[in-house]
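Enquirer: Input: one structure, supplied below.
Nothing in this text is a laboratory measurement; each read-out follows from the coordinates by a stated rule. Values in this document were obtained by computation on a predicted structure and should not be read as measured data. Note that each Cβ is placed from the backbone with ideal geometry, even for glycine, and that neighbours are counted across all protein chains shown.
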């Protein structure tokens, strides 16, 4: 394969986070963590999806009950990895991607923490990370497990709240772990433990750093100008850490408390990182330091019109796309990544999780409707849509080849896309 200079830069930007996380580039068809292979909700493989559907829409391959939870579905080597809650216990399970049958199910007692408000759903909220034959996942009470991916065998665990004195948020623990060079990294919160890295093999603490409280948002790895940044959207703080040792690379304050922050940051290939939260927060675009010798983080822009609650953000061709809104209307919105100026808002699409497949978006609305849309700075075109189910769909979908895996608070299901 021959890459031109621009293509090579884009290729390195997409592939390096997989290598750093211990995920083989040859396994790109898998979906091993929150947000997919590159943790940015972009489907890296070429998938030719039909843009005109019959009235039947996508064909349901299988459907089965699943306990409560909002965590997304990870998929590796023909297996799906999920978390759910049932009878005051949290379950970590592996299912057959072909049939939905349970391959193994590991459970543990998880009484809800005091001073938490889980009326919208008792969790779990985090998504399993699958790397090097193991599954790493955190429950809503902060219990962090490492299990064997093939057999569900217990390997090690940590209690991030009681043992590590982590932040207790009113919606429970929510961050999804990220892998880096033999370690698994998580926001924990609290003095000296804002972020912690654990040895992926034995669970020993590799490093811990900083004092800020955490949020519900998951961290993301970004490589810029040859340097890796672990980007954390925390309580009143944006922080960039060296994922190898926890060294603080940069920090910038913001006014929003951690319990109101849910959406994961996303980066483009030019070193811009976009953050957003609801409840009056808005959206920020920061420019990463140009070099290690100039460790200054620059705020490119901030607006209070784009307020992403707990759905995800996509950056595509220099523009930002996401659902904006919290208690009031949820409106799909586009802004310029260069200026932060609004391109448009479209009320036909409300709060939705979106995947980028080629130049089209696959969107799952919170009411269970699936759409194929074409976004542009000039507007939104809906190509196809189908109501898949009638239940709350706050978990982002997972796409492996042309099979879409989705869940709600009652069931998990697989659809073959046209």
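Enquirer: Under a plain spin-label model, where a point goes 7 Å from the Cα along Cα-to-Cβ, how far apart in nm are residue 299 and residue 170?
Expert: 2.5
Enquirer: On full extension of the chain, what length is gained from residue 159 through residue 244, given 0.36 nm per residue of separation minus the C-alpha to C-alpha distance?
Expert: Working it through step by step, the gained length comes to 28.4 nm.
Enquirer: Determine the shape class of the chain: with a ≥ b ≥ c the square roots of the Cα gyration tensor eigenvalues, call it rounded for a/c under 1.5, and otherwise prolate if a/b is greater than b/c, oblate otherwise. Provide the component values of the computation, followed by the final result.
Expert: Details: a/c = 1.29, a/b = 1.03, b/c = 1.26.
It comes out rounded by the Cα gyration axes.
Enquirer: Please state, as a whole number in µm²/s, the translational diffusion coefficient that the Stokes-Einstein equation yields for the stretch 203-259 at 4 °C and 1.567 mPa s, with Rh defined as the Kirkwood radius across alpha carbon pairs.
Expert: After rounding, the answer is 109 µm²/s.
Enquirer: Rounded to whole Å and ordered largest first, report the semi-axes of the equivalent ellipsoid of the stretch 45-87 derived from its Cα gyration tensor (root of 5λ).
Expert: 27, 16, 10
Enquirer: Give me Rg over Rh for the stretch 217-320, both radii from the alpha carbons and Rh done the Kirkwood way, two decimal places. Provide the component values of the computation, followed by the final result.
Expert: Values: Rg = 12.8 Å, Rh = 13.7 Å.
That ratio is 0.94, to two decimals.
Enquirer: Highest mean first, how do 75-83, 135-143 rank when packing is the count of other Cβ atoms within 10 Å averaged over residues? The partial results should precede the final answer.
Expert: Working: 75-83: 22.3, 135-143: 25.9.
My ranking of the peptides, most packed first, is 135-143, 75-83.
Enquirer: Can you work out the FRET efficiency for the pair residue 367 and residue 342, with r the C-beta to C-beta distance and R0 = 25 Å, to the nearest 0.05?
Expert: For residue 367 and residue 342, the calculated efficiency is 0.50.
Enquirer: Let me ask something additional. Calculate I(q)/I(0) for the stretch 105-225 by the Debye formula, one identical point scatterer on each C-alpha and no solvent, and give its log10 at q = 0.12 Å⁻¹ to two decimals.
Expert: Debye output, listed in q order: -0.41.
Enquirer: To continue, here is another question. Compute the normalised compactness of the stretch 121-162: alpha-carbon radius of gyration over 2.2 N^0.38 Å, N being the residue count.
Expert: 1.16
Enquirer: Could you state, as a whole-number percent, how many of the C-alpha pairs of the stretch 33-184 are farther apart than 24 Å?
Expert: 36
Enquirer: Let me ask another. What is the gain in length, in nm to one decimal, between residue 86 and residue 48 on full extension, counting 0.36 nm per residue of separation less the C-alpha to C-alpha distance?
Expert: Taking residue 86 through residue 48 to full extension adds about 9.9 nm, to one decimal.
Enquirer: Along Cα→Cβ, 7 Å out, is where each label goes; now give me the distance between the ones at residue 29 and residue 387 in nm to one decimal.
Expert: With each label point 7 Å from Cα toward Cβ, the separation is 3.4 nm.
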